[in-house]
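Structure record follows, encoded as structure tokens.
The values are calculated or read from the model by the stated rules, or taken from the named source; none is laboratory data. Values in this document were obtained by computation on a predicted structure and should not be read as measured data. Note: ideal-geometry Cβ built from the backbone for every residue, glycine included; neighbour counts use all protein chains shown.
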Amino acid sequence: MRLLTDVTYLIAVILAAPYWFTRMLVKGKLKTDWLSRFGCGSTLPDPGKHRRILIHAVSVGEVNAIRSLVARLEIESDVELVIASTTDTGIERARDLYGDRHQVVRYPLDLSWSVRRFIRRMRPAVSCLVELEVWPTYVAECQRVRCPVIVINGRLSERSFRRYRLVRPLLRPSFRRLGEVLVQNQEYADRFVAMGVPENTVKVVGSLKWDNANAELTRSDSLRAELGIDSGRLLVVAGSTAPGEHELLHDAVPSGVQLLCAPRRPEWFNEAAQVLHGCTRRSTGVFGTNPDRYLLDTIGELSQAYALADIVVIGRSFGSLHGSDVSEPAGLGKPVVVGPAVEDFKDIVELLLAENAIIQCDAKDLSSRLASLIESSQQRDDLSKKAASVMQGLRGASEKTAAVILDVVGG
């Protein structure tokens with residue numbers, strides 16, 4: 001079966017080579033550490049009496065999501081954490097957040113020899129997969145060496161579910177091998193069960209991201225000073241923006257009000273800089289000629305930017321994409337404006353809308369809705385209090401997740 005899986009992967013890679021090679025070349029990702037992707041690297045020391053927990057967070061969003069969970073597990077004196085990530089930006093962010101006290105490693109390609117080598121090097125007591133990332137070879141190899149695999153912060157969107165159903169007979173054995181599956185809501189729970197996970201192993205615990213709304217005040221103050229943001233004027237922070245939204249935001253935020261855009265992907269940085277003509281770019285350390293426009297063209301600083309905001313606009317929600325997470329700025333008590341495209345985060349958006357704790361509008365109304373917020377401090381305060389209250393009531397997923405993990409590894 002492993003040979004068949006490897007052959008299938010290799011055929012898929014060869015057929016898709018023109019696409020992925022060109023994509024990686026354009027994004028400058030061909031220089032990645034290929035040896036690590038094939039499972040090579042140093043072997044971790046024997047954990048001894050410590051319980052080694054491996055957490056796989058595929059990229060920046062997932063790495064950020066586990067912050068409160070990691071903090072909770074660090075309380076346990078006999079626990080050793082290893083953070084694995086797949087993408088270069090995920091590795092960079094994981095090293096920034098956790099590298100001073102935990103091992104940060106590259107998650108391997110799902111080829112049998114890569115996975116075997118990786119697990120032999122790591123020797124985890126349990127492997128935790130953040131959101132999804134159920135790779136057949138990895139799950140099978142963990143089962144072979146008697147390492148439980150659990151899904152944490154489980155999420156299976158409608159788009160992903162549609163794709164997975166097309167190959168459900170091939171993936172069902174992998175889903176059935178999973179131990180505990182801790183998901184964000186009942187809708188996701190039903191989809192995991194439909195993919196083959198035994199119903200009694202699926203638990204709804206909420207989202208880890210709901211626990212992460214902690215303002216990093218010191219780092220936020222540094223960001224403000226280094227960008228030259230004027231604390232005496234209103235600041236609109238647009239997080240996880242996409243092409244097309246930068247023009248929209250630039251036009252919607254009036255002169256005299258500061259706008260900071262944080263594009264979702266590095267390949268969108270330069271396009272955003274052209275739209276925000278004269279902006280101060282975080283990556284250069286040089287003040288721009290336009291004192292109202294800022295570009296956060298770095299990875300891992302959006303939380304600090306949200307902490308500085310007077311108003312937050314959620315990117316990837318005004319075009320053809322599927323939204324970005326609203327929970328962190330809402331949890332920080334910020335007035336949040338989101339567009340109509342929220343498919344990937346509709347559960348939390350609907351909860352906030354039900355309490356009048358968020359503003360949702362389409363692109364043509366963004367300018368007027370922002371103008372209303374800019375003019376009314378009372379409206380901003382009302383939204384802030386309602387959003388913070390809603391998010392406060394949703395917290396607790398990190399504690400519940402930690403309890404399950406510790407139980408699995410014998411704590």
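Quick notes
- Any chance Arg219 is at pLDDT below 90, under 30 Å from Lys364 (Cα atoms) and in a helix (DSSP H, G or I): no
- Matching residues in the range 225-243 - criterion: being on the phi > 0 side of the Ramachandran plot and either assigned to a strand (DSSP E or B) or not assigned by TED's automatic domain parsing to the domain that holds Thr298 (or both): Ser240
- Given (1) surrounded by 12 or more Cβ atoms within 10 Å (Cβ to Cβ); (2) modelled with pLDDT of 90 or more, index of the condition Ser42 fails: (1)
- The residue list Ala341, Ala387, Ala357 contains one member that is surrounded by 14 or more Cβ atoms within 10 Å (Cβ to Cβ), assigned to a helix (DSSP H, G or I), not aromatic (Phe, Trp, Tyr) and not assigned by TED's automatic domain parsing to the domain that holds Ser68, which is Ala387.
- Residues that are in contact (Cβ under 8 Å) with a residue 40 or more places away in the chain and assigned to a strand (DSSP E or B) within the range 75-90 comprise Val79, Val82, listed in sequence order.
- Counting only strands (runs of 3 or more DSSP E) wholly contained in the range 244-314, no element carries 2 or more residues that are within 22 Å of the chain's Cα centre (by Cα) and either surrounded by fewer than 17 Cβ atoms within 10 Å (Cβ to Cβ) or of a type in the set (Ser, Thr, Tyr) (or both).
- Considering the range 77-90, the residues that are in contact with a helix residue (DSSP H, G or I) (Cβ under 7 Å, 6 or more places away or on another chain) and not hydrophobic (A, V, I, L, M, F, W, C) include one that is surrounded by the fewest Cβ atoms within 10 Å (Cβ to Cβ), namely Thr89.
- Candidates Arg120, Arg93: the one that is surrounded by fewer than 23 Cβ atoms within 10 Å (Cβ to Cβ) and either among the hydroxyl-bearing types (Ser, Thr, Tyr) or outside any strand (DSSP E or B) (or both) is Arg120.
- None of Glu141, Glu133 is in the same structural domain as Val58 (by TED's automatic domain parsing) and in a loop (DSSP other than H, G, I, E, B) except Glu133.
- Residue within the range 142-151 that is buried (at least 19 other Cβ atoms within 10 Å of the Cβ) and under 19 Å from the mean Cα position of the chain (by Cα) present: yes
- Matching residues, the range 316-332, being free of Cβ contacts under 8 Å to residues at least 60 places away in the same chain and crowded, with 19+ Cβ neighbours inside 10 Å: Ser317, Gly323, Val326
- Filter result (of a type in the set (D, E, K, R) and surrounded by fewer than 19 Cβ atoms within 10 Å (Cβ to Cβ)) within the range 152-169: Glu158, Arg159, Arg162, Arg163, Arg165, Arg168
- Lone qualifier among Glu180, Glu199 - being crowded, with 16+ Cβ neighbours inside 10 Å and of a type in the set (D, E, K, R): Glu180
- Residue in the range 354-375 that is within 22 Å of the chain's Cα centre (by Cα) and in contact (Cβ under 8 Å) with a residue 24 or more places away in the chain present: yes
- Output for the range 264-317, where each listed residue is closer than 20 Å to Gly90 by Cα, out of contact with any strand residue (DSSP E or B) (no Cβ under 6 Å at 6 or more places or on another chain) and of a type in the set (D, E, K, R): Arg265, Glu267, Arg282, Glu301
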